[in-house]
Amino acid sequence: MIAQVIINSNVKNLNKTFDYNVPANMEGTICVGDRILVPFGNKKTLEEGFIIGFKEESEYKIKDIAKIQDGIKLTKENIELAKLMARRYFCNLSDCIKLMLPPGTSTKILENRVKDKMLNFVYLKKDIVDVEESLENGTIKSEKQKRVLDFLIKNDGIQSTELEILTDTTSVVLKALEKKNYIEIIEQKVERNPFAHKEIKPTTNLKLTMEQQQAYDNINNAIQNNLYKEALLYGVTGSGKTEIYLQLIGQVLKKEKTAIVLVPEISLTPQMVDRFIARFGESKIAVLHSKLSMGERYDQWNKIKNGECKIVIGARSAIFAPIQNLGLIIIDEEHDSSYKSETNPRYNAKELAGYIAKKNNIPLVLGSATPDINTYFKAKSGKIDLLKLSKRANSSKLPTVQIVDLRNELANGNRSILSVKLYTAIEENLKNKKQTILFLNRRGYSTFVMCRECGYTIKCKNCNITMTYHLKNNRLKCHYCGHEQKNVTECPACKSKNIKYFGTGTQRLEEEINKLYPTASTIRMDVDTVTKKNSHEEILNKFKNEHIDILIGTQMVVKGHHFPEVTLVGVISADSSLYIEDYKANERTFQILTQVAGRAGRENLQGTVIVQTYNPENFAIECSKKQDYDIFYETEIEIRKQLKYPPFCDIICIGITDTDEEKIKNVSERLYNYLESYIKNQNIKAMLYKPLPCPIDRIKNRYRWRIILKGKLNNKLIDVINLSISKIESKTTRITVDTNPNNLV
């Protein structure tokens, strides 16, 4: 018997099956989906692979399978989904298979996952700034020690054996760092229950409004009759979408089935988990997201696989959870761009959810107050059900939205971050002892640093992008590759000391607010403040329970949160998302403004939203003022129809990167010629644009070009793209294909 094996590798030319002989002693036990070790090529070590099929004979001289790995096994459904993804998203089959494996599936890590509750954990002993300083000035010379410290800066508090494996080091390296006083190794009890810190009061079903009941009945009918249905639950902010989710899942559990609930932001996961635990109890729920420790994620995965839970809540990758007997999939805030992966495999969780729902004859519910244009188009076209909730569930009114033209503020001599209207409104809110949220979708202190003498801007040495200044540790950071360096006080070009910081980030906004309102309590929520475990939850709970006056944040504070005492929301700059080179710029702006407005006045108190902008006449901003999605949609869909943008076609972005600038140009032109020839010969209706450098033409020291295609991504076009890419032979060139990307930068 011959096994067809996929080698676990992201090398493009290994994206095919290899034949291996099944030894006689394995014939009774080996099967499709097994993880195995095999000799491969001239390598001395064994390679990992997965069996995806069998056949009777091979035309090649083949080797024997060396070993079957215990503990991990793919199902036939996993393999089928991985094959579909590899073709649809133009990537290696092994890359898709990895998404369906338990977290931390390195063999060594699994062998070291001890059952004893006492383990050694490694923590940074010195302050992060001091450690970064030592790494930068060359105090630490050992590459292995550098790797450990770099890892701990981002992942402090990790099991020592896992740290050794993930950084390819040994206990000797850790002991050396401990001796130098950079780290401490502490034996501690392992707590792998992510709900251990929660104290939640049980809740019962609420009485549904007439609109909620109609939406509930529509989906529940499909649940009871085991029918595939895709429905858009389009409800204004605060209309009670989550209560419908809870009651639908209650029906699923009565049928002894299970449910998956996807949320877009890690910051939303704790809130959603709390509501589900309150209704169904801790034992029925598993949670999957990147802020859990590797051990917690592994245990949660096994809990799901062993059938110990009935509801899985998590971010995008939770769609691959090994849950059995699925009865319902819910995607909350379905418009959010995070459901689309921006790294290989570049999959869309909503597309995969639709495939899984259809395969299992179950409903898929997509919920949003500002639906994705493509989803709403499908609903309006009758391809999926449209269920509307036009009123807030508790009869509270939608907030009033006021637009402030910042051009007038400048004309009147106001150069402050806050307009006069927003300043006064915050002051009034503080007097009334109500809470305020200030939204600015830029982290850091200043967005770029420039010499005022010669105009030189400080750019990342690895990327063609300006560095962002972070005040807390007085450093410049690249938000694309992660490179950091000391802040400059002298221009590298002309040696002038006339250095100026431009633009405003959340750090600077926080500093200004503390100056303007010295007696007010503030808290900030952005990527820089949520690095530690449970920090999302801690910040949100602190704001809510300790009645912090002002919450300052990026888009983390925009979606889904319920704060009864928030009566004022200020949008510092509504224009940042308008200037992105992307056909979705208007849609994103409308969604963000409407979602952030929805945080105000969610109980019986009237809410006010003040939006600061230099473009008050922009139709996305005007529609957000009226909070009228339908008017926005009708305008936007006409523009897209004329320009042939999704949903009227697909935009396929083929990205080419290389370290050699001349080579990438040649490769891009060759790939374009292949595509042009095949499209013409097969008479495919598609618009092919010539290769050009990307707007950000270098990231992580790799030059970036792109080729854009417009057309319907059908089987013929998929074949043409795959065939064209297969013609390019280069060890250093990387080619990625992204369909309807989140951005074209």
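Summary of computed values
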{"quantity": "Ranked list, fewest to most other Cβ atoms within 10 Å of each Cβ, for Glu211, Glu729, Glu428", "calculated": "Glu729, Glu428, Glu211"}
{"quantity": "Dipole magnitude (debye, nearest 20) for the range 2-101, charges at Cβ of Lys, Arg, Asp, Glu", "calculated": "420 debye"}
{"quantity": "Cut-off 17 Å, label 7 Å out along Cα→Cβ of Asn462, residues of the range 322-365 by amide N", "calculated": "343-344"}
{"quantity": "Unsatisfied cross-links (Cα-Cα over 28 Å) in the set Lys125/Lys459; Lys284/Lys388; Lys378/Lys625; Lys141/Lys291; Lys154/Lys434; Lys154/Lys727", "calculated": "Lys125/Lys459; Lys284/Lys388; Lys141/Lys291; Lys154/Lys434; Lys154/Lys727"}
{"quantity": "Cut-off 12 Å, label 7 Å out along Cα→Cβ of Lys83, residues of the range 721-745 by amide N", "calculated": "none"}
{"quantity": "Cross-link pairs Lys207/Lys340; Lys461/Lys710; Lys44/Lys144 - those with Cα-Cα distance over 30 Å", "calculated": "Lys207/Lys340; Lys461/Lys710"}
{"quantity": "Label-point separation, Lys472 to Tyr614 (7 Å along Cα→Cβ), nm", "calculated": "2.9 nm"}
{"quantity": "Given charges at Cβ of Lys, Arg, Asp, Glu: the range 662-745 dipole, positive-most of Pro695, Ile721, Leu709", "calculated": "Pro695"}
{"quantity": "Candidate aspartates and glutamates for bridging to Lys665, where Cα separation is under 18 Å - those fewer than 8 sequence places away on the same chain excluded", "calculated": "Glu676, Asp697, Glu729"}
{"quantity": "Cysteines (scope the chain) whose Cβ has no counterpart Cys Cβ under 4.7 Å", "calculated": "Cys31, Cys91, Cys96, Cys309, Cys481, Cys623, Cys649, Cys653, Cys694"}
{"quantity": "Contour excess over end-to-end distance, with Cα ends at Thr424 and Asn743 and 0.36 nm allotted per residue", "calculated": "111.2 nm"}
{"quantity": "Selection from Asn325, Asn742, Gln595, by position along the positive dipole direction of the chain (Cβ)", "calculated": "Asn742"}
{"quantity": "Given charges at beta-carbon only (K, R positive; D, E negative), |dipole| of the chain in Debye", "calculated": "480 debye"}
{"quantity": "Alpha-carbon Debye profile of the range 2-101, log10 I(q)/I(0) at 0.14 Å⁻¹", "calculated": "-0.49"}
{"quantity": "Largest to smallest principal axis extent of the C-alpha atoms in the chain, angstrom", "calculated": "83, 70, 65"}
{"quantity": "Proxy reagent accessibility, fewest Cβ within 10 Å first, across His483, His470", "calculated": "His483, His470"}
{"quantity": "Qualifying lysines (Cα of each under 23 Å from Cα of Lys76; at least 8 residues distant if same chain)", "calculated": "Lys16, Lys55, Lys67, Lys98, Lys257, Lys303, Lys305, Lys310, Lys350, Lys358, Lys359"}
{"quantity": "Computed label-point distance, nm, for sites Ile153 and Asn302 using a 7 Å Cα→Cβ extension", "calculated": "3.4 nm"}
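Each reported figure results from applying straightforward, stated rules to the coordinates on display, with no laboratory input. Small disclaimer: the values here were computed from a predicted structure and weren't measured. All Cβ positions, glycine included, derive from the backbone under ideal geometry; neighbour counts span all protein chains shown.
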